[in-house]
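The values are calculated or read from the model by the stated rules, or taken from the named source; none is laboratory data. These numbers were taken from a predicted model, which means no experiment stands behind them. Quick reminder, even Gly has a Cβ in these numbers, built from the backbone with ideal geometry, and neighbours come from all protein chains shown. For accessibility, only protein heavy atoms count, side chains too; no ligands or nucleic acids. Shrake-Rupley method; radii C 1.70, N 1.55, O 1.52, S 1.80 Å.
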Amino acid sequence: MKTYEEKTQSVIDRLRTERRKRSRRRRTAAACLSCLCIAAAAALSARYDSGVPADTPGGSDVSAWSAADSQSGAETYAVVTDSIVLPEGESAVMADMIGCLVYQGKVYTQGQAITGAEPGENSSFLGEYLGEAKGSLSEWSSQEEWTTEFASTYSGSVYTVSGYDPSFRLCIRQETAEGGEMLQLLENLDGIGLNTGADLFGNRLHLREGTTCVLGLSHQDWNDGRYDRLRALDGLSAEQWKTFLDALFDAPFVKLSGEEHPGFYQAETQGHLFLTQTDGTTVELRLFEGGYVGYPKMSWIFAQMPGETFDAVFAACQ
Amino acid sequence: MDDPGQASYRRFLEGDESALYELVERYNDGLVLYLCGFVNSLSVADELAEDAFVKLCLKRPRHRGLSSFKTWLYAIGRNLAIDYLRRAAREKHVPLHEASLAGSELLESRYLREERKIQVHRAMGRLKPEYRQTLWLLYFEEMSGKEAAKIMRRSVHAVEALAYRARRALREELHREGITDEDI
């Protein structure tokens, strides 16, 4: 075992060696790169001029996907979720990167994971087989790697999920080292247009027909990871829940911002709902004062449904 | 909240090499023990931890501050360990249980300090890798379920479920050795 000093020195030595190598490589690559840039610019220009949407398989670069979404917008939406655009630079290094899959030019991000002790235990989830996820993406992947079909942070077989639109939800099936299996659900929230709650909670998640059980958690418990404290919502009748869902489906989506609402996510009073679905999946909703209902990974986009119906459910979570 | 790792890392990026020593001193042992839960070899885990520091310093990725520096470093280490295991599987090279007892004892006594924690850590070594990793992050590194989920690329739910099963398995291991620990 090296001492801390030895390890630090070893890291520094390796850094120096690597930097020297990279510097040599960069000089060699510079000449080639200038030619490539000209070719790439010409190809992109031709692609847009011809009106071919960039979200078809084999799309040329990630930032082009958001352009495609706005191009296809004959319909107008109350909000359009943020497209996943990579930071500029030599690689797409993101410290907080989450699991994802690239399929038909869209980035599907990590949702619920479903484990099974035996292979085939969760076969009811599996729809059509689409291909093999490469497990090729990491914090260090280049922009080019991100544009490859089935590029992903997980490896495994990609399927559609029974009962869900594949443009919204897919899954990757993996066998675990222990001989079981895991289905990683992935959701496409990449540059989608939304008007009312029905667009997400109805058309995509089917909450009205699918919900079998509603549990709540206070924000304090959620923050502490105390899922053992999930509980039925006291005093909330089935009729009230139905009214809540109706209002949620009708609620317009709004986009807030951190600048306008500083401390919004840090509010001490929030509510967390966990909706168990008939297929065994769980949908998590996050409630904020003012009638805002959020869905994981939608950051600053919320369905807004102020009123007594919201207040009753919000209070029941506390 | 202050994140000492982030502060040191920022200083390192500004050219202060002594800040790298601070990072190694603060995070190396925990990271090695965590990675050992994947690769089952202290020397491989030690090399992977060094690789994680090299990667961190060489690529100079942006740490956006949405998670702690430790969460970030462990996520990088985990990716390296998974890559290593993939390579090892391809090359039909199975990591061995090495006879590096002295090194392991040194790390345990330096990082875990308390005898009871060391006993628990050794019992954890007999659990499934997934259980070991979950328990390490939640109980030895005292991370929240959310932080552990971020590192393990699982949902918080999945981590909670894993932690539940892991605790049960650990308790059985400890009972087998005649140790009762209601805190586990």
Item to complete: Under 9 Å between Cβ atoms, at least 6 apart or on separate chains: pull out the pairs that start in the stretch A:151-179 with a residue that is free of Cβ contacts under 8 Å to residues at least 24 places away in the same chain and end on any residue that is of a type in the set (Gly, Ala, Ser) and in a strand (DSSP E or B).
Response: A:Ser155/A:Ala133; A:Gln174/A:Ala133; A:Gln174/A:Ser155; A:Gln174/A:Gly156; A:Gln174/A:Ser157
Fill in: Single residue of B:Glu25, B:Glu50, B:Glu17 found to be farther than 20 Å from B:Leu106 by Cβ, open to solvent by 10 Å² or more (accessible area, probe 1.4 Å) and either at the interface with another protein chain (Cβ under 8 Å from one of its Cβ atoms) or modelled with pLDDT of 90 or more (or both)
B:Glu17
Worksheet item: Which residue out of B:Glu105, B:Glu114 is within 14 Å of chain A (Cβ to nearest Cβ) and more than 30 Å from A:Thr153 (Cα to Cα)?
Response: B:Glu105
Worksheet, complete the sentence: Of (1) open to solvent by 30 Å² or more (accessible area, probe 1.4 Å); (2) touching a strand residue (DSSP E or B) at 6+ places or on another chain (Cβ under 9 Å), A:Gly271 satisfies every one except (1)
Worksheet entry | Selected residue [outside any strand (DSSP E or B), within 30 Å of B:Ser144 (Cα to Cα), in contact (Cβ under 8 Å) with a residue 12 or more places away in the chain and out of contact with any Phe, Trp or Tyr (no Cβ under 6 Å at 6 or more places or on another chain)] from A:Leu285, A:Leu205, A:Leu245, A:Leu275 | A:Leu205
Worksheet entry | Selected residue (criterion: nearest to the other protein chains (Cβ to nearest Cβ)) from residues of the stretch B:136-155 that are free of Cβ contacts under 8 Å to residues at least 12 places away in the same chain and outside any loop (DSSP other than H, G, I, E, B) | B:Lys146
Worksheet item: Which of the residues belonging to the stretch A:130-187 are open to solvent by less than 30 Å² (accessible area, probe 1.4 Å), at pLDDT below 90 and acidic (Asp, Glu)?
Response: A:Glu139, A:Glu181
Worksheet entry | Matching residues, the stretch A:192-213, being closer than 27 Å to B:Val159 by Cβ and open to solvent by 30 Å² or more (accessible area, probe 1.4 Å) | A:Arg204, A:His206, A:Thr211, A:Thr212, A:Cys213
Response to the item:
Those residues of the stretch A:214-227 which are surrounded by fewer than 17 Cβ atoms within 10 Å (Cβ to Cβ) and away from every other protein chain (no Cβ under 12 Å) amount to A:Gln220
Discussion item. Among the residues that make up the stretch A:87-103, is at least one of them more than 14 Å from chain B (Cβ to nearest Cβ) and at pLDDT 80 or above?
Written reply: yes
Item to complete: Scan the stretch A:221-239 and report the pairs whose first residue is of a type in the set (Gly, Ala, Ser) and whose second residue is open to solvent by 80 Å² or more (accessible area, probe 1.4 Å) and at pLDDT 75 or above, with Cβ atoms within less than 8 Å and a gap of 6+ or a chain change.
Response: A:Gly225/B:Lys146
Response to the item:
Residue hits (the stretch A:161-193; of a type in the set (A, V, I, L, M) and either in contact with a Pro (Cβ under 9 Å, 6 or more places away or on another chain) or assigned to a loop (DSSP other than H, G, I, E, B) (or both)) are A:Ala177, A:Leu189, A:Ile192
Practice prompt. Exactly one condition in (1) without any contact (Cβ under 8 Å) to a residue 24 or more places away in the chain; (2) open to solvent by 10 Å² or more (accessible area, probe 1.4 Å) is not met by A:Gly294; state its number.
Written response: (2)
Worksheet entry | Residue among A:Leu186, A:Leu200 that is within 14 Å of another protein chain (Cβ to nearest Cβ), in contact (Cβ under 8 Å) with a residue 40 or more places away in the chain and in contact with a Phe, Trp or Tyr (Cβ under 7 Å, 6 or more places away or on another chain) | A:Leu186
